[in-house]
Amino acid sequence: MLEVFPIYSEKLKNERLIRVYTPPAYQHEQKSYPVLYMHDGQNVFNDEDAIGGSSLQLEKYLDSNDLEIIVVAIDQNSPERKDEYCPWPNNEYSRKLLADESLSFGGKGGLYSSFVVEELKPLIDYKYRTQKNRSAMAGISMGGQISLYIACKYPHVFKDLIILSSAFYANQEEMENLLESADLTGIDSFYMDCGTEEAGTGSFISTEFLASNKSIQEIVQRKIPHASFQVLEGNEHHYRFFQNRVPALFTFLNKEDKRKLKRKYGDRSGWNRLIKRDFKQMKIEDGSFAGDVTLLTMNQVSAPAIFNYPSSKVCVVADGYSWLQHFPENERFSLTTVFDDMDNIVQWYIDICLENGNENGRPWMADLYLDIVVLPDGDIIHKDAEELEAALADGVITEEFYRIAWAEAKRITLLLEQDRFELIKKTKEHRLLLLEH
């Protein structure tokens, strides 16, 4: 259900139209819901209301996917949109970028932010059954910039941020300085993306737009190690591209489900079998792989470990053995390569996972139970399907995660059968890099 109503803002001294989506069950159940706040409200739900005739078509998406969430869309004040979404007056860089030395806008972002946090949010929490401490915010273009600004100025109010193709260039230096001093410890999840062709193929503005986002992302990543940043090849600054990213707006809803998944860390701290160890890790980006790589060398162990497979027995833990583990960015698997004490590969072990991450410098993966073993003779062995079935039956994972696990296992199996799982071919090379590191 979509409700539309105006409110008057004492902060902004004007009236603003608010659009609120409630899920179908809202009318029949008494439960409370998380809330997603969005800017540029005209462009959120339906094409017929959208400026320019193209929206995110969010009402249709929400109805089709039956998501348990309230979405609050704040209409833009079109004549003052740039003023309200830019906290500071635009800088010289923006005038040069847009080739207009007379260009002048911005400076009302502080007032707009106080309207959202101090006037609108309390009204929504009073008027609707909301989970008051479970609020997220999303924005596109300059809406992305004001979303990040609000998170910095009002820490711990919005737990999840989703910003698409953000236009930071108008306040680039000021935003970077604000981020450096901001408290972002209250952010549970952070998604950010940017297209490679925001202003058209091969244009100077496209290059600078992406560079602007990367500069912001580097600071965010230091503050929020689990933050996600996607560079989208060929994507332009238009709603026909933004529509494809609508699912990213709601990934934070899986947070509670994700917390049920067991994390496996690359450093294997607390593993009592290891008496003496060496451990190295580094970030590798070589064109075919990007992510964390760890190398755990077992100088002395309390006892060997042997895996019994249908046609062979494989020792995977012993004095002098080492495990090289890859945590690829934006993939749903982790690869462990086991080397014996003579530096020979004895097996590759592929863990199917929901995601890989890095917590305070410790690479990890969220285990989805299914595993694939590849032996040097080419044998492919599938493991732990019964654990996945039990996890679904016990409610440890959702049906969505169950489907993800099987789909990823089938995808990787096909690549292995076709000899197209390229990361396996990089393991010896990457191990040498870590040994030299």
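For the chain, find the longest principal axis of its Cα atoms and tell me its angle to the long axis of helix 204-223, 0 to 90°, nearest 10.
For helix 204-223, the angle is close to 70 degrees.
Among ILE350, ILE69, ILE284, determine the one that fluctuates most according to a GNM of the chain built with springs between C-alpha atoms less than 10 Å apart.
Of ILE350, ILE69, ILE284, the most mobile in the Gaussian network model is ILE284.
Ranked by accessible surface with a 1.4 Å probe, highest first, in what order do HIS226, HIS237, HIS382, HIS39 come?
HIS382, HIS226, HIS237, HIS39
Stretched out fully, how many nm does the piece from PHE204 to LYS60 gain, at 0.36 nm a residue minus the Cα gap?
Fully extending the segment from PHE204 to LYS60 adds 48.2 nm.
Can you pull the percent of the stretch 34-163's accessible area that's carbon plus sulfur, 1.4 Å probe, other chains left in place?
47 percent
Take the alpha carbon atoms of the stretch 198-216, find their center, do the same for the stretch 239-302, and report the distance between the two centers in whole angstrom.
Cα centroid to Cα centroid, the span is 29 Å.
Which sequence of THR201, THR336 reflects their accessible areas, 1.4 Å probe, from the largest down?
So, going from the largest accessible area down, we get THR201, THR336.
Pull out a ≥ b ≥ c, the square roots of the eigenvalues of the alpha-carbon gyration tensor of the stretch 199-306, then state rounded if a/c is under 1.5, prolate if not and a/b is larger than b/c, and oblate in the remaining case.
Note, shape of the stretch 199-306 comes out prolate.
Averaging sequence separations of C-alpha pairs under 8 Å and six or more residues apart, then dividing by the length of the chain, give the relative contact order as a whole percent.
The value is 9 percent.
Considering only ILE205, ASN235, SER189, whose Cα is most displaced toward the positive end of the charge dipole of the stretch 151-260, charges sitting on Cβ of Lys, Arg (+1) and Asp, Glu (-1)?
Comparing the listed Cα positions along the dipole, SER189 ranks first.
Are there GluC sites (Glu not before Pro) in the stretch 174-271 that DSSP marks as loop and that have at most 12 other Cβ atoms within 10 Å, and which are they?
In loop regions of the stretch 174-271 (DSSP not H, G, I, E or B), the sparsely surrounded GluC sites (Glu not before Pro) are GLU233.
Please give the helix 172-181 orientation as an angle from the longest Cα principal axis of the chain, in degrees from 0 to 90, rounded to the nearest 10.
60 degrees
Send over a whole-number figure in Å² for the accessible area per residue of the chain, probe 1.4 Å.
Averaged over the residues of the chain, the accessible area is 45 Å².
Can you give me the C-alpha center-to-center distance between the stretch 308-352 and the stretch 393-412, rounded to a whole angstrom?
So the separation of the two Cα centres works out to 23 Å.
CYS152 accessible area, nearest 10 Å², 1.4 Å probe?
Surface accessible to solvent at CYS152 totals approximately 10 Å².
What trypsin sites (Lys or Arg not before Pro) in the stretch 365-437 are in a loop by DSSP, with at most 12 other Cβ atoms within 10 Å of the Cβ?
Those that pass, being in a loop and sparsely packed, are ARG420.
Note down the relative contact order for the stretch 178-286 as a percent, whole number, built from C-alpha pairs under 8 angstrom at least six residues apart.
Here the relative contact order equals 28 percent.
Roughly what % antiparallel, to the nearest 5, for the DSSP beta bridges in the chain?
Of those bridges, close to 75 percent are antiparallel.
Taking a threshold of 25 Å on the Cα-Cα distance, which of the pairs LYS13/LYS214; LYS214/LYS280; LYS132/LYS262; LYS82/LYS121 fall above it?
Among LYS13/LYS214; LYS214/LYS280; LYS132/LYS262; LYS82/LYS121, the Cα-Cα distance tops 25 Å for LYS13/LYS214; LYS214/LYS280; LYS132/LYS262.
From largest accessible area down, sort MET1, MET365; use a 1.4 Å probe on the protein chains.
MET1, MET365
At a Förster distance of 22 Å, what's the computed FRET efficiency of GLN230 paired with ARG411, Cβ-Cβ distance as r, to 0.05?
0.70
With viscosity set to 0.890 mPa s at 25 °C, what whole-number translational diffusion coefficient in µm²/s follows for the chain from Stokes-Einstein and a Kirkwood radius over Cα pairs?
102 µm²/s
May I ask you to list the GluC sites (Glu not before Pro) in the stretch 77-118 that are in a DSSP loop and have at most 10 other Cβ atoms within 10 Å of their Cβ?
When the GluC sites (Glu not before Pro) of the stretch 77-118 are filtered for loop state and at most 10 Cβ neighbours within 10 Å, GLU101 remain.
In degrees, nearest 10, range 0 to 90: what is the angle between the Cα axis of helix 427-436 and the longest Cα principal axis of the chain?
80 degrees
If you average the alpha carbon positions of the stretch 66-118 and of the stretch 177-191, how far apart do those two centres end up, in angstrom?
Distance between centres, Cα-based: 19 Å.
The values are calculated or read from the model by the stated rules, or taken from the named source; none is laboratory data. Note that the structure is a prediction, hence the values are computed from the model and not measured. Positions of Cβ are generated from backbone atoms using ideal geometry, with glycine treated the same way; all protein chains shown enter the neighbour counts. When the accessible area is computed, the model is the full protein with side chains, heavy atoms only, and any ligands, DNA or RNA have been set aside. Shrake-Rupley method; radii C 1.70, N 1.55, O 1.52, S 1.80 Å.
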